[in-house]
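Please read the structure below before turning to the comments.
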Amino acid sequence: MTRTSRAHGHRTAAALTLLCALTMATQMPAARAAPDPRPATLDDVRRQLADLYHQSEVATEKYNAAGEKATAQQKRVTELNSRVKAAEQKEARLKSLLGAAAQAQYRGGGLPAEVQFALASDPEHALDGAALAQQVQQGAKQTLTALQAAREDLRTRTEEATAELRDLKASRRTMARNRDTIEARITTARALESRLQKEQLRRLAELERREQAEAQAKWVGTGVLDEVGTKASEAGRKAIEYATEQLGKPYVWGAEGPDSFDCSGLTSQAWLHAGVAIPRTSEEQWARLKHVPVSRMRPGDLIIYFSDASHVAIYIGDGKIIQAPRPGRWVYVSPAGSMEILGVVRPDA
């Protein structure tokens, strides 16, 4: 075979190889395509929605906590600013007294009567001529000492107010970040739901009810309701009455009534109307209220859900709770065991 023939053969083989590769590539795009990120089944949709709304509720409770902290910090800043102003006024008053004392000494005429009365421990003897010189010297010294103390107090108050204001701004930034997280998760969840047809939405709701019923049956099957209390305390009864009056009102993150609620907004307001102030968030309710065994809970107690204490509801007896569940839903009665129970707290222990 000549050199020219061999070269032609190589070119032909290369062309055939390339043609085969192109042919295979056109036949394989479906196998190589990136997987569709959308859920494949309604059960996948249910799980994804539950996760999105759980993340939203976690962020909501953090938003509420930051808001509660910001409110306390704002009050503290206001108080500190008031103290700074009082310290400034005290400093100005002492400067005036010290100036008056210095002028009196310079003139040799003794202290003015109003200065003597302001400084003397015994005003009835403030004008005793025999002690006048000593009063002038001692009064000026005391005033100078008081002025120095006032200046130090003013500096401390100003620093405290500045630090508290800095923390307040940080809390507000935290609120903004959590607000963005909440809105992003809710937007994603609603976009996912909007892709479903009416029949799919009906089947999705049925899946949720079935899952709740199965979880409740499993919980009741442990015999826990054979031991729980059935009678609420007086305050607990009032808290349940308040929660019952809110049935049908919409869930709105960050809301604590009167027209809408989030989960801890409902429970904190229910107990507030029963005369017991409790923390605003589910995390703080879990952290600061008295824990009781689930088997010893009674109507009015609060059930805290999930390992991160991100959800809370009020137990009303007979294995049921009143809760504000999530965006798009409303305050309603539901099975107490339909979610993962972390524990129970008693506000009026």
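Below, the figures for the structure above:
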| item | result |
| --- | --- |
| Residue match in the range 129-145 (condition: outside the structural domain of Glu256 (by TED's automatic domain parsing), within 30 Å of Glu284 (Cβ to Cβ) and at pLDDT below 85) | no |
| Criterion (assigned by TED's automatic domain parsing to the domain that holds Lys320 and over 30 Å from Ser295 (Cβ atoms)) met by exactly one of Ser260, Ser268, Ser233 | Ser260 |
| Gln269 being without any contact (Cβ under 8 Å) to a residue 40 or more places away in the chain, in contact with a helix residue (DSSP H, G or I) (Cβ under 9 Å, 6 or more places away or on another chain) and under 22 Å from Val58 (Cα atoms) | yes |
| First in the range 237-250 and at negative phi and of a type in the set (Gly, Ala, Ser), second anywhere and part of a helix (DSSP H, G or I) and surrounded by 20 or more Cβ atoms within 10 Å (Cβ to Cβ), Cβ under 6 Å, 6 or more apart | Ala239/Ala270; Ala239/Trp271; Ala243/Ala270 |
| Ala184 out of contact with any Phe, Trp or Tyr (no Cβ under 6 Å at 6 or more places or on another chain), free of Cβ contacts under 8 Å to residues at least 60 places away in the same chain, at negative phi and loosely packed, with under 15 Cβ neighbours inside 10 Å | yes |
| Boolean, Ile240 is at pLDDT 95 or above, within 24 Å of the chain's Cα centre (by Cα), crowded, with 17+ Cβ neighbours inside 10 Å and within 18 Å of Gly337 (Cβ to Cβ) | no |
| Breaking point among (1) closer than 17 Å to Asp318 by Cβ; (2) surrounded by fewer than 21 Cβ atoms within 10 Å (Cβ to Cβ); (3) small (Gly, Ala, Ser), for Ser194 | (1) |
| Enumeration of residues in the range 264-285 that are of a type outside the set (Val, Ile, Thr) and within 12 Å of the chain's Cα centre (by Cα) | Ser264, Gly265, Pro279, Arg280, Ser282, Glu283, Glu284, Gln285 |
| Check on Glu61, assigned to a helix (DSSP H, G or I), touching a Ser or Thr at 6+ places or on another chain (Cβ under 8 Å) and surrounded by fewer than 18 Cβ atoms within 10 Å (Cβ to Cβ) | no |
| Among residues of the range 320-329, those that are in contact with a Leu (Cβ under 8 Å, 6 or more places away or on another chain) and closer than 19 Å to Ile182 by Cβ, counted | 2 |
| Scan of the range 253-272 for residues that are out of contact with any strand residue (DSSP E or B) (no Cβ under 7 Å at 6 or more places or on another chain) and either surrounded by fewer than 21 Cβ atoms within 10 Å (Cβ to Cβ) or among the charged types (D, E, K, R) (or both), ordered by number | Gly254, Glu256, Gly257, Pro258, Asp259, Leu272 |
| When residues of the range 273-315 are limited to those that are over 19 Å from Glu68 (Cα atoms) and of a type in the set (Ser, Thr, Tyr), the one surrounded by the fewest Cβ atoms within 10 Å (Cβ to Cβ) | Ser307 |
| The range 145-181, subset among the aliphatic types (A, V, I, L, M) and loosely packed, with under 15 Cβ neighbours inside 10 Å, residue nearest to Ala50 (Cα to Cα) | Ala176 |
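Rundown of residues vs (1) of a type in the set (S, T, N, Q); (2) at pLDDT 95 or above; (3) out of contact with any Pro (no Cβ under 7 Å at 6 or more places or on another chain), yes/no style:
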{"position": "Leu266", "(1), (2), (3)": "no, yes, yes"}
{"position": "Trp271", "(1), (2), (3)": "no, yes, no"}
{"position": "Gln285", "(1), (2), (3)": "yes, yes, no"}
{"position": "Ala336", "(1), (2), (3)": "no, yes, yes"}
{"position": "Met339", "(1), (2), (3)": "no, yes, yes"}
{"position": "Pro347", "(1), (2), (3)": "no, yes, yes"}
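The values are calculated or read from the model by the stated rules, or taken from the named source; none is laboratory data. Since the model is a prediction, treat every value here as computed from it, not as a measurement. With ideal geometry, Cβ positions are generated from the backbone for all residues, glycine too; neighbour counts draw on all protein chains shown.
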